[in-house]
Amino acid sequence: MGLEGKEETSSFLRDFLDECGGCAVIDGGFATELERHGADLNDPLWSAKCLLTSPHLVRRVHLDYLDAGANIIETASYQATIQGFEDHGLSKEEGEALLRRSVELACEARQIYYDRCIKDSSDFLRNGKYWRRPILVAASVGSYGAYLADGSEYRGNYGDAVTVETLKDFHRRRVQILANSGADLIAFETTPNKLETKAYVELVEEEGIEIPAWLSFSCKDESSVVSGDSILECASIADSCKQIVAVGVNCTAPRFIHGLISSIKQVTSKPILVYPNSGETYDAEHKTWVKSCEGKDEDFVSYVNKWRDAGASLFGGCCRTTPNTIKGMTKALSGNLL
Ligand SMILES: C[S+](C)CC[C@H](N)C(=O)O
Ligand SMILES: N[C@@H](CCS)C(=O)O
Ligand SMILES: [Zn+2]
């Protein structure tokens with residue numbers, strides 16, 4: 001990509017945020033909402049299983065989050081990998097098609113939402129003109145640890161045999177496909193360590209990935225990602241990459257978010273995104289969530305404006321949050337949204 005393209009990339013998210021009024025709302029727990037609709041995710045493919053078994057539910061969950069006010073919806077590809085689909089007995093081509101399908105389903109939901117808005121136009125008139133809420137489709141890329149399906153994205157210890165090269169090779173084809181699928185950006189999410197951060201950055205640079213990306217970390221306290229690597233170091237690596245247009249934290253307990261925003265702000269001037277989970281702990285063996293005894297994280301919707309004051313500009317929810325959480329966030333931020 002030439003310089004012109006790089007300038008376009010760096011202003012992409014800032015222009016979007018301006019269009020939204022300064023802040024944007026990301027969707028909430030995707031798998032959580034699939035489960036609420038009856039999906040059984042006790043499978044190594046986790047939420048990606050629904051791309052195979054119940055695409056209508058995937059589209060429905062995207063619509064639930066659009067109805068709740070989200071400006072950015074993330075695709076069902078978090079745990080959708082070509083390797084994972086092959087382990088499930090599908091061919092490489094079928095796996096690749098399902099990755100593309102995850103983006104199509106989100107784009108279809110956005111179109112359905114917009115079409116409905118036009119029909120019900122009284123809600124979408126601003127100053128006598130039609131106004132469409134800006135909506136982006138972010139192609140989710142979960143970590144190598146997500147593919148392992150054993151909760152590794154909350155530990156980040158891949159062992160000595162896994163190198164930056166291993167991780168780049170693991171993600172390469174999937175990232176190429178998602179980057180050419182019609183998604184507006186890539187969401188590298190629940191990133192657990194410095195190794196995978198480096199791999200993502202090198203991969204988008206080496207492959208000349210042409211759409212922007214955000215890079216978001218799963219963290220264990222106010223200063224470290226779950227592997228124990230420093231958030232300052234990880235966020236600096238993300239900051240060094242032109243293609244990365246926002247840096248942040250997801251699937252992390254709400255009580256750490258304020259401190260993490262302050263840390264990230266020290267090493268980047270890119271927009272900061274936060275979409276915490278409910279503060280519960282994941283039991284990978286049973287694929288369920290258990291209440292955490294380390295402190296209460298109830299009702300984090302009420303913290304959103306404090307996080308905005310601390311320097312974040314994109315807000316949403318991760319596991320165990322719902323469209324109600326997002327509705328509450330949209331309302332709490334309404335003074336900062338168009
Ligand atoms: C973000 S975690 C809850 C996703 C599921 C995990 N990779 C597993 O397969 O158990
Ligand atoms: N986008 C994924 C993230 C899991 S940590 C989901 O919400 O299910
Ligand atoms: Zn999560």
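Readers should treat all values here as calculations from the given coordinates under stated rules, not as data from a laboratory. Because the structure is a prediction, the values reported are computed rather than measured. Note that we place each Cβ from the backbone using ideal geometry, even for glycine, and neighbour counts take in every protein chain shown.
Below is a table of values for the structure above.
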item: Size of charge dipole - the stretch 258-338 - debye, nearest 20, with Cβ of Lys, Arg +1 and Asp, Glu -1, no other charges; result: 360
item: Gyration tensor (Cα) of the stretch 222-338, equivalent ellipsoid semi-axes in angstrom; result: 22, 20, 12
item: Percentage of interatomic Cα-Cα distances in the stretch 178-224 larger than 12 Å; result: 64
item: Sparse-neighbourhood loop sites, GluC sites (Glu not before Pro) in the stretch 160-245 - DSSP loop, at most 13 other Cβ within 10 angstrom; result: GLU210
item: Lys, Arg +1 and Asp, Glu -1 on Cβ, resulting dipole of the chain about Cα centre, debye, nearest 20; result: 1000
item: Estimated Rh, the stretch 53-190: Kirkwood, alpha-carbon pairs, angstrom; result: 16.4
item: Simple Cβ-charge dipole of the stretch 99-174, Lys/Arg +1 and Asp/Glu -1, about Cα centre, in debye nearest 20; result: 500
item: Along principal axes, Cα extents of the stretch 207-269, largest first, whole Å; result: 36, 21, 18
item: For the stretch 32-87, diffusion coefficient by Stokes-Einstein and Kirkwood Rh (Cα), 25 °C, 0.890 mPa s, µm²/s; result: 209
item: Calculated FRET efficiency for the pair THR53/GLU207, C-beta based, R₀ 35 Å, to 0.05; result: 0.65
item: Share, in percent, of DSSP beta bridges within the chain that are antiparallel, nearest 5; result: 20
item: Farthest positive-ward along the stretch 185-288 dipole, Cα basis, beta-carbon charges - from ILE209, CYS234, SER278; result: SER278
item: Integer Hz, Karplus 6.51/-1.76/1.60 couplings in order for the stretch 29-45, x for Gly and Pro; result: x, 7, 4, 4, 6, 4, 5, 4, 8, x, 6, 9, 9, 7, 7, x, 7
item: Over the chain, volume per residue of the alpha carbon convex hull, in Å³; result: 127
item: Binned Cα-Cα distances of the stretch 124-221, short to long, each 5 Å bin given as a whole percent; result: 2, 12, 22, 21, 15, 9, 6, 4, 4, 3, 1, 0, 0
item: Out-of-range pairs (alpha-carbon distance over 31 Å; input LYS92/LYS198; LYS265/LYS331; LYS49/LYS119; LYS242/LYS287; LYS49/LYS270; LYS220/LYS327); result: LYS49/LYS119; LYS242/LYS287; LYS49/LYS270
